[in-house]
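This report concerns only the one structure given below.
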Amino acid sequence: MAKAATVYDVAERAGVSIATVSMTFRRPDKVKGSTRDLVHAAARELQYVPSASARGLANGRTRALGLFSYDYLVEARPAAAAVPGFTPGDPVQVVREGPDEMCRDFPLYADEVRRGMEIASWERGYAVMIGGPSHANPAAFVTDVAGRVDGLAVFPQTLPPESLEHIAGRIPVVSVSEPPTDDRLSHVTVDNRGGMRAITEHLVRDHGRRDLMFVGGLNPAEARARFDGFRDALRAARLRVPRKPLVPGTRIDARGRAVVELPADLELPEAFVCATDDVALDIMEILADRGIDVPGTVAVTGFDGIAAGRIVRPALTTVQQPMVEMGKVVVEILTASIEEPGRAPEVREMPVQMVLRESCGCPPRSARWAY
């Protein structure tokens, strides 16, 4: 392979200085049109591509944002559960699959937030670098990523607090989570407490369900806020208010996904109010396997608004987060903090919508209510 052309080669071919070549690619509006044409022509002839990292070293900016996320399938899949490969020339395979199975894997909450980040970053001329927990050394990995980007977004429980504090001293950091304490980070979250209170009130008021069980299963900050909303609604209705949520065990299924398990001897409530859609969908599968009618015998509700909830039958009643918009707000806060160093952290709480479907007992195509 031929040696790659350098900025010096382009400058020599165009008959200009290396500073002019650099300015042509970094600030083309500052270079005379005829000179720009000479530089671009020389770059095309030499197949020169300017180095983004070099430009970053020159002006202290990379024009890239980082996202430290997680992938449930990658993290949960055992080593033996390899994804089948495809070889050219293989015969067409026939696979029988339920209509909701692919949506249980993708898109999930994190995927939708990431999509919002990608849209907003593209609009602002930023690239997005995506990383995830490394079983070997997550702190070293994210520190390396932080050195390549101008700002970083993180999902909850993907990094130790001390790593976040260290990184936030160098670049802006936004956590996509309910703020657990005064961690001096910016946060993008939703009205977790109000959304869960609304859906619990709906079950009590509109469906007459009086024995309700809250099922947890997510990071502590969101779980606490949602459980508090559940308790608020029960307290207002003068119903029994549990002290603790049910936190079920999990197992790894054949697809490598962690799924909820309910004790066989669990006394069923009139409604399961679940902290997430994933938990709710697992519980609906368990109830179906046991021959228990949803919503006839037991109602089930979720929280998030992932695509799978619309496809399963009965369709899942849930509290929908504005996931794509959350990703856009993350980028808005990051870029504002990049342009204004020393800007105070901010917490942006976004509204949610209660989406009424069949799993709570509502007829199909019910109205959507905003809170």
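The values are calculated or read from the model by the stated rules, or taken from the named source; none is laboratory data. All figures in this text were calculated on a predicted structure; none of them were measured in a lab. Positions of Cβ are generated from backbone atoms using ideal geometry, with glycine treated the same way; all protein chains shown enter the neighbour counts. Note: accessible area is taken over every heavy atom of the protein model, side chains too, but ligands, DNA and RNA are not part of it. Shrake-Rupley method; radii C 1.70, N 1.55, O 1.52, S 1.80 Å.
Among the residues of the stretch 179-207, which ones are farther than 30 Å from H166 by Cα and not β-branched (V, I, T)?
To start, the set of residues in the stretch 179-207 that are farther than 30 Å from H166 by Cα comprises 193-207.
R193, G194, G195, M196, R197, A198, E201, H202, L203, R205, D206, H207 - these are the residues of the stretch 179-207 that are farther than 30 Å from H166 by Cα and not β-branched (V, I, T).
Report whether or not D293 is of a type outside the set (A, V, I, L, M, F, W, C) and touching a Ser or Thr at 6+ places or on another chain (Cβ under 6 Å). Against the criterion (of a type outside the set (A, V, I, L, M, F, W, C) and touching a Ser or Thr at 6+ places or on another chain (Cβ under 6 Å)), D293 does not qualify.
You will find that of R184, R210, the residue that is open to solvent by 40 Å² or more (accessible area, probe 1.4 Å), on the phi < 0 side of the Ramachandran plot, assigned to a loop (DSSP other than H, G, I, E, B) and among the charged types (D, E, K, R) is R210 and no other. Residues that are farther than 19 Å from R193 by Cβ and more than 22 Å from the chain's Cα centre (by Cα) occur at least once in the stretch 226-240.
Name the residue, out of T335, T276, that is within 20 Å of E222 (Cβ to Cβ) and either out of contact with any Ser or Thr (no Cβ under 6 Å at 6 or more places or on another chain) or basic (K, R) (or both). Write out each step before concluding.
Working: T335 fails: within 20 Å of E222 (Cβ to Cβ).
Checking each option against the conditions leaves just T276.
Given the criteria assigned to a helix (DSSP H, G or I), at pLDDT 85 or above, crowded, with 17+ Cβ neighbours inside 10 Å and under 20 Å from the mean Cα position of the chain (by Cα), does A153 qualify? Working first, answer last.
Numbers: assigned to a helix (DSSP H, G or I): no; at pLDDT 85 or above: yes; crowded, with 17+ Cβ neighbours inside 10 Å: yes; under 20 Å from the mean Cα position of the chain (by Cα): yes.
So A153 does not fit the description; no.
Within the stretch 326-350, the set of residues being open to solvent by 40 Å² or more (accessible area, probe 1.4 Å) and closer than 23 Å to C274 by Cα comprises E349 only. Contact map, the stretch 228-243: first residue under 15 Å from L203 (Cβ atoms) and touching a residue at least 60 places away in the same chain (Cβ under 8 Å), second residue among the aliphatic types (A, V, I, L, M) and not in a helix (DSSP H, G or I), Cβ cut-off under 6 Å, separation 6 or more or different chains; the map is empty. Each residue in the stretch 262-274 was checked for being open to solvent by less than 10 Å² (accessible area, probe 1.4 Å) and modelled with pLDDT under 95, and 0 pass. The selection criterion, being surrounded by 22 or more Cβ atoms within 10 Å (Cβ to Cβ), within 26 Å of the chain's Cα centre (by Cα) and not aliphatic (A, V, I, L, M), does not hold for G249.
For (1) under 22 Å from T62 (Cβ atoms); (2) modelled with pLDDT under 90; (3) more than 39 Å from the chain's Cα centre (by Cα); (4) of a type outside the set (F, W, Y), each residue gets a yes or a no:
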site: K3; (1), (2), (3), (4): no, yes, yes, yes
site: D9; (1), (2), (3), (4): no, no, yes, yes
site: E12; (1), (2), (3), (4): no, no, yes, yes
site: G15; (1), (2), (3), (4): no, no, yes, yes
site: S22; (1), (2), (3), (4): yes, yes, no, yes
site: R27; (1), (2), (3), (4): yes, yes, no, yes
site: S34; (1), (2), (3), (4): no, no, yes, yes
site: D37; (1), (2), (3), (4): no, no, yes, yes
site: H40; (1), (2), (3), (4): no, no, yes, yes
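Which one of R238, R193 is open to solvent by 10 Å² or more (accessible area, probe 1.4 Å) and in contact with an Asp or Glu (Cβ under 7 Å, 6 or more places away or on another chain)? R193 is the lone residue from the list that is open to solvent by 10 Å² or more (accessible area, probe 1.4 Å) and in contact with an Asp or Glu (Cβ under 7 Å, 6 or more places away or on another chain).
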